[in-house]
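Accompanying notes for the structure given below.
The values are calculated or read from the model by the stated rules, or taken from the named source; none is laboratory data. Quick caveat, the model's predicted, so the values are computed rather than measured. Don't worry about glycine lacking a Cβ; one is built from the backbone with ideal geometry, like all the others, and counts go over all protein chains shown. Side chains included, ligands, DNA and RNA excluded: accessible areas come from the protein's heavy atoms. Shrake-Rupley method; radii C 1.70, N 1.55, O 1.52, S 1.80 Å.
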Amino acid sequence: MSVFRIQGGETLRGEVVVPGAKNSVLKLMAATLLAPGLSTLTNVPDIEDVTIMSELLRRLGCEVKHVDETIFIQVPLRPDHRADYDLVRKMRASICVLGPLIARCGAADVAVPGGDNIGSRGLDMHVEALRKMGVHVNNEHGYLLAECEGLTGANILLDFPSVGATETILMAAVTARGESVIENAAREPEIVDICEMLVGMGADIAGIGTSTITITGVSDLTPITHRVVSDRIVAGTWAVAVAMAQGELTIHGVPAEHIALPLEKLQATGAQIDSGGQTIHVRMDTRPQCVDVVTLPFPGFPTDLQPQFIALNAIGQGASLVTENLFEARFRFVQELARLGADVRTDGHHALIRGKEKLSGAPVEATDIRAGAGLVLAGLVAQGSTTVYGVSHIDRGYAHFVETLQGLGANILRVDE
Ligand code: UD1
């Protein structure tokens, strides 16, 4: 078992190049199923979830080969259509094969992922939309069993702009008969990425990046070579790290508009931010001011940066209120932050954080990917030594996490215990 050992107190300085987005690449890998033949994805991050998705695609009959940051996926003419529980339980995002399997095979048996450490995470919007498109879906023995004679386009008004549901509908609709309209669709950059890839494969999609997406079904798609959009959450994590530890950082590969609100919040903490093209420069010379944050779907503040901002507020000047609107259990990690001396009180969707001048190092447990990142950032500024357990969560979503921080001057080591 690996742990991270951190000696707090170093400022951070240097440059980072941000890899492809975890929350995009997994869906793009699933989308390759829509066209038999060889598809290639570039800018693929070196993370555990990509390994799990590769294994899932292999079980569906694909040949998957990784060469550095490129992944080659050879999709068979007749893929298998079962995603087993042993993989789905490791990675909830496996559910993204549901849409493409129904489109390609007319059937899909996908294990129900269940809840995870950040909340219950329903699938009702995915299922309801597929039913509207003519799919029979039953939940039996822990599996969603989906079947259809032929997908038909439908008008779908989502209760909430769910990222996952928007993706499932997109992948089901691109080769359905007729037109589908998704209203209240998600607008995240990762949604734009998958739409652009599908269009490159021959799909007919209008309204990309807006909350009304219109998909006109085409008879078939062709394989593609596509570059994965860079990870705005990773970029945001490094920017928060510098705002907490102080220093100077240039982040390459992510346009500032993908994290406009987090960057505005960082400016309000006292950080100097300059950006242009795909580069973001962050400089911080003082203890940050606390900032209020409310998580919302894009272009609102991303829930995946909420734990990192709670960590920042824990050492900020003043007090702040953080409101979590997406995942009810995402505040669980504040118990761990409290072990470092943070003063955080939660009540339902709200966390009240009173900033402390100093945190003190302690052993803590990462409970999910972003909570893990938040705890490491807190450890970087805590006095003394912090050991972070449960780092397999961090490895699921951050490529070369320790090496990147070491390159910036942090005193952090991965230790096998
Ligand atoms: C994706 C991201 C996750 C991010 C989230 C919101 C991946 C692999 N994960 O998750 O990191 O935090 O978007 O930006 O891309 N919901 C339902 N019923 C449904 C679908 C969703 O109730 O059918 C609820 C969820 O429980 C949650 C909210 O809607 O409370 C948002 O979920 P959604 O946008 O679908 O997030 P994911 O796609 O699961």
How many of the residues in the stretch 124-173 are free of Cβ contacts under 8 Å to residues at least 40 places away in the same chain and within 18 Å of L326 (Cβ to Cβ)? 4
Any chance the stretch 119-127 includes a residue that's within 14 Å of the ligand (Cβ to nearest atom), modelled with pLDDT under 90 and β-branched (V, I, T)? no
Could you please find all residues in the stretch 154-174 being part of a loop (DSSP other than H, G, I, E, B) and within 13 Å of the ligand (Cβ to nearest atom)? L158, D159, F160, P161, S162
Top-ranked residue of the stretch 181-195 - restricted to ones that are open to solvent by less than 20 Å² (accessible area, probe 1.4 Å) and assigned to a helix (DSSP H, G or I), ranked as farthest from L158 (Cα to Cα): D193
Would you call S94 within 16 Å of the ligand (Cβ to nearest atom) and closer than 21 Å to V228 by Cβ? yes
Considering only residues that are among the basic types (K, R) and open to solvent by 30 Å² or more (accessible area, probe 1.4 Å), which ones fall in the stretch 340-391? R345, R354, K356, K358
If I ask for residues that are within 19 Å of the chain's Cα centre (by Cα) and away from the ligand (no atom under 13 Å from the Cβ), which ones from the stretch 175-208 would you list? V192, C195, E196, M197
Any idea which of (1) open to solvent by less than 50 Å² (accessible area, probe 1.4 Å); (2) more than 16 Å from the ligand (Cβ to nearest atom) is the one A329 doesn't satisfy? (2)
Of the residues that sit in the stretch 356-413 and are under 20 Å from the mean Cα position of the chain (by Cα) and among the β-branched types (V, I, T), which one is farthest from the ligand (Cβ to nearest atom)? V402
When residues of the stretch 139-153 are filtered for being open to solvent by less than 30 Å² (accessible area, probe 1.4 Å) and within 16 Å of the ligand (Cβ to nearest atom), how many remain? 2
How many residues are modelled with pLDDT under 95 and either under 18 Å from L377 (Cα atoms) or hydroxyl-bearing (S, T, Y) (or both) if we restrict to the stretch 291-333? 4
Answer yes if at least one residue in the stretch 46-60 is among the charged types (D, E, K, R), closer than 26 Å to V192 by Cα and in contact with a Leu (Cβ under 7 Å, 6 or more places away or on another chain), and no otherwise. yes
Cβ-Cβ under 7 Å, sequence separation 6+ or interchain: first residue in the stretch 238-262 and part of a loop (DSSP other than H, G, I, E, B), partner small (G, A, S) and buried (at least 24 other Cβ atoms within 10 Å of the Cβ). Which pairs? G253/S230; V254/S230; V254/A235
Kindly check whether there is at least one residue in the stretch 65-83 that is within 16 Å of the ligand (Cβ to nearest atom) and assigned by TED's automatic domain parsing to the domain that holds P161. yes
Residue ID - most open to solvent (accessible area, probe 1.4 Å), chosen from residues in the stretch 265-299 that are in a strand (DSSP E or B) and among the hydroxyl-bearing types (S, T, Y): S275
Do we find that L198 is in a helix (DSSP H, G or I) and either open to solvent by less than 50 Å² (accessible area, probe 1.4 Å) or in contact with a Gly (Cβ under 8 Å, 6 or more places away or on another chain) (or both) in this structure? yes
